[in-house]
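This report refers to the structure that appears directly beneath it.
Read-outs: derived from the displayed coordinates by stated rules, not from any lab. A quick note: this is a predicted structure, and the numbers were derived from the prediction, not measured. Virtual Cβ from ideal backbone geometry, glycine too; neighbours counted across all protein chains shown.
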Amino acid sequence: MSETKPGTETGAQSLVGTLADLGVTACFANPGTSEMHLVTALDSEPRIRSVLALFEGVATGAADGYARISGMPAMTLLHLGPGYLNGGANIHNAKRARTPMINVIGDHATYHQRYDAPLASDITGLAGPNSAWIKSVDSAGDAGKLAAEAWTASFGPAPGPVSLLLPADSAWERGGPRGTAGPAPVLRAPDPEMIEAAARRVRDAKKPMILINGTALDEAGLQAGARLEAAGIRVMTDTFLARQARGAGRFAPGRMQYFAEAAMSDLEGTDLMLLAGTSAPVAFFAYPEKPSLLVPEGCEALSLGGPDHDSAALLLALADALGATVSADPMALQRPDAPTGSLDAASVGASLARHLPENAIVADDGVSNSLPGFLATLTAPPHDWLMLTGGAIGLGMPLALGAAVAAPDRKVLCLSGDGAGMYTNQALWSQAREGADVVNVVFVNHSYRILQIELHRTGAGNPGPAAQGMLGLASPEIDWAGLARAQGIEGHDARTAEEFDAALERAFAADGPQLIAAHVPG
């Protein structure tokens, strides 16, 4: 930790220096006038890599991806209330992923706030509901202390995004020393009595299962899950996950179905549902005459510990209590043959399984087209898969940017729908500027295909011209390869399985960001 004398640094320098002292190494920023002293403070802090985003949703999504891979929070730099709102959708996703993130939000000088300037807003009221912790630095002397508090709060007891407001005068005035923080909170350990009670219930159950999330999806957790599967307990994950270790040599748990009726059919007969690192499953949306809670009638739901628990330790303790020593077989490495013919989600998935590099990171925002790729890559080399946890599309490209900044030695694959990609395509510019090693695959089907499916499932009736117009993206057609090139990224179109397979092989062999527009049926 750097030694500083009280009063020698501005509030901005104290805040930035404190975060650097605590191990923060990245800031994803879209600053404005109120944040100029933070910008110059970052300029003098070599331990923090500053990444410019052209839209706040890129900054917050990238901070999410960075923390999911590094395990450490990144800092974002946002301009007043509107800047926070622009980044809000991906802050929501990060909250659902339980991702530590420190959102530093500039504010008007304290003496200027009473004049209701055009950009004035109730930032605390806007940011509070999506923040695990929120405070304002109303005195420069408190900047370091509150920065340290923010860092600690981002880790828990409920990990997630926190918000630290910095009025402009608190940024430029000189104040107190840098802050210090104790150790970050840790996940809770298993309760021995709960584990023993669960083991008894498992022995009495006819068709038990365990739903897992959190650390249960890392290497050690999956090994314990393989023991439970071999002992007769069906092991399943939530539908959407912050991060999952997958691929050859690893146990592959099942995955909760997305649609409520499919999930209930899949769970039929289950009489015991254990929960580890998660809560009872619910349908993503409500549908007429379909269940909201995805627990079969007559099934007991028993929590071993929620998201604040070390779920890998929960699985290990349960496996030991059951005397489960044999493990289910891991996935064997298998590379499929080259796909031929028309290009669709299945042939894209086959190419992903053929060419995915070992230790790659996949950032998945492919919506309706990504499932075949997810299934096909079960037998690919070991890799990590990051998902859209909060349902707010537009996460994929920023998530991939942040993951690439956190792990520059690993290849990152981004799967995005064309509709989802248009929310935050500015991330391509940041990928190019940072030289991020990301292969972007955009499924171009000229539609919000998932909404076309949902329109029928909700019973909203047959779509007429107005409804069809709100679900289609073909007029005008988006030139994704051209859009990529305009932002400094090599872009290619693929309209057949052969073209896509060859383009993907070239992209993975190249350095720096690439984009392939995969033209698939709508």
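One table, with the values for the structure above:
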quantity	calculated
Extension gain (nm, one decimal) between Ala338 and Ser265, 0.36 nm per residue minus Cα-Cα	22.9 nm
Segment 183-251, relative contact order in percent, only Cα pairs under 8 angstrom and at least six apart counted	33 percent
Entry for mean projected area of the Cα convex hull in nm² (calculated from the structure that is shown) out of [x] 28.3; [y] 25.5; [z] 23.8	[y]
Relative contact order (percent, whole number), the chain, Cα cutoff 8 Å, 6+ residue spacing	14 percent
Label-point separation, Asp218 to Asp43 (7 Å along Cα→Cβ), nm	3.9 nm
Cα-projected label distance for Asp204 with Ala474, points at 7 Å along beta-carbon direction, nm	5.9 nm
Magnitude of the charge dipole, segment 11-172, Cβ model with Lys/Arg +1 and Asp/Glu -1, debye to 20	540 debye
Estimated FRET transfer efficiency (Thr25, Asp329; beta-carbon r; R0 22 Å; 0.05)	0.05
Viscosity 1.306 mPa s, temperature 10 °C, Stokes-Einstein D of segment 137-222 from Kirkwood C-alpha radius, µm²/s	94 µm²/s
Aspartates and glutamates with Cα under 13 Å of Lys206, excluding same-chain neighbours fewer than 8 positions away	Glu268, Asp271, Glu300
Sequence of Thr278, Thr379, Thr325 once ranked by neighbouring C-beta atoms within 10 Å, starting from the fewest	Thr325, Thr379, Thr278
Reach of Lys145 by Cα under 23 Å, taken over lysines that are not fewer than 8 positions away in the same chain	Lys5, Lys135
Per-residue [θ]222 nm for the chain (sum of -39500 (n - 2.57) over DSSP H runs n ≥ 4, rounded to 500)	-10500 deg cm²/dmol
Label-point separation in nm, Asp116 to Glu196, each point 7 Å along Cα→Cβ	6.5 nm
Cross-link reach list, lysines versus Lys411, counting only Cα pairs under 20 Å and skipping chain neighbours closer than eight places	none
Amide H partners (placed H, <5 Å) of Ala248, local residues excluded	Ala380
Segment Leu378-Ser292, length gained on full extension (0.36 nm per residue, minus Cα span)	28.0 nm
Pairwise FRET efficiency - Arg433 versus Thr496, Cβ, R0 = 22 Å, nearest 0.05	0.10
